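Novice: Please see the structure below; I have some questions.
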Amino acid sequence: MKAKHHFWSSLAVGGALYWATGSSAALAGSMVGGFLIDADHLIDQVWSIRHGAPFRRQLPGRNPGKGSMNGTRAWLINYLRPRKLLRLPLILHSYEWLAVITILTLNLRTPFLIGLFSGYLLHLSLDMIRHHREFRSPLFYLLSYRMAQRFQRDRLIKTEHL
């Protein structure tokens with residue numbers, strides 16, 4: 001799912017928890033668990049940049065054979081444009097983390113952890129609904145499975161979705 005969808009759905013869950021508990025910590029936990037976990041996508045991008053992954057698409061009006069940009073603008077374009085991902089560590093998108101958060105929440109029962117659990121579960125659920133047809137295996141959200149596949153995108157995602 002797109003970040004904006006995770007943001008608004010996490011805000012809705014967090015808002016409901018805030019209304020039910022009166023705790024802003026529950027709202028904050030929901031936003032961390034439901035929206036901020038997507039920060040791990042930055043790891044995927046950095047990994048791809050460091051290993052020379054090609055850009056997803058050509059810049060409009062650019063002829064790759066004619067000259068090149070330099071300076072700050074070129075650096076920004078080179079590092080901020082999305083690349084074709086080579087590996088998918090997605091360290092925070094995993095059932096293992098969900099299990100840890102669940103155990104902590106059941107034992108400590110703080111408003112922040114309740115929000116974190118709710119947001120995290122919502123995030124993983126929405127991602128599974130949206131992307132389940134793209135994965136080669138239903139084990140995709142097991143971090144240990146992705147590790148066994150060496151995080152290689154072509155071993156985790158069906159060819160038609162690469």
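Novice: Check which residues have an amide H placed less than 5 Å from Phe135's amide H, if you skip close sequence neighbours.
Specialist: When sequence neighbours closer than 5 places are left aside, the close amide H contacts are Lys158.
Novice: Continuing with this model, one more query. Can you bin every Cα-Cα distance in the chain into 10 Å intervals starting at zero and give me the percent of pairs per bin, rounded to whole numbers?
Specialist: The calculated distribution, bin by bin, is 10, 31, 29, 20, 8, 2, 0.
Novice: What's the local net charge at Pro89, with K and R +1, D and E -1, over the other residues with C-beta under 12 Å away? Provide the component values of the computation, followed by the final result.
Specialist: Details: positive: Arg87, Arg146, Arg150, Arg153; negative: Asp40, Asp44.
Net charge in that neighbourhood comes out at +2.
Novice: Next question. Mind ordering 119-129, 93-103, 72-82 by average Cβ neighbours within 10 Å, highest first? The partial results should precede the final answer.
Specialist: On the way: 119-129: 18.5, 93-103: 15.5, 72-82: 10.9.
Highest-to-lowest ranking by the protection proxy: 119-129, 93-103, 72-82.
Novice: Most mobile of Leu143, Leu42, Leu92 per a Gaussian network model of the chain (Cα springs, under 10 Å)?
Specialist: Leu42
Novice: In the chain, what is the count of Lys pairs whose alpha carbons are under 24 Å apart, counting only pairs at least 8 residues apart or on separate chains?
Specialist: Working: Lys2/Lys84; Lys2/Lys158; Lys4/Lys84; Lys66/Lys84; Lys84/Lys158.
Number of lysine pairs found: 5.
Novice: Hey, how many Å between the Cα centroid of segment 131-162 and the Cα centroid of segment 101-127?
Specialist: Result: 24 Å between the Cα centres.
Novice: Moving on to the next point. Using a Debye calculation, one point per C-alpha and no hydration shell, please list log10 I(q)/I(0) for segment 120-162 at q = 0.16, 0.19, 0.28 Å⁻¹ in order.
Specialist: -0.40, -0.56, -1.03
Novice: Next up: Residue by residue, what Karplus-based ³J(HN,Hα) values in Hz, rounded to whole numbers, does segment 102-111 have, using 6.51, -1.76 and 1.60 with θ = phi - 60° and x for Gly and Pro?
Specialist: Here the 3J(HN,Hα) series is 4, 4, 4, 5, 5, 7, 9, 6, 7, x Hz.
Novice: Run the accessible area of the chain with a 1.4 Å probe and give the carbon-and-sulfur part as a rounded percent.
Specialist: The nonpolar share, carbon plus sulfur, comes to 65 percent.
The values are calculated or read from the model by the stated rules, or taken from the named source; none is laboratory data. Note that this is a predicted model, so its numbers are computed, not measured. Ideal geometry is used to build each Cβ from the backbone, glycine not excepted, and the neighbour counts take in all protein chains shown. All accessible areas refer to the heavy atoms of the entire protein, side chains included, with ligands and DNA or RNA removed. Shrake-Rupley method; radii C 1.70, N 1.55, O 1.52, S 1.80 Å.
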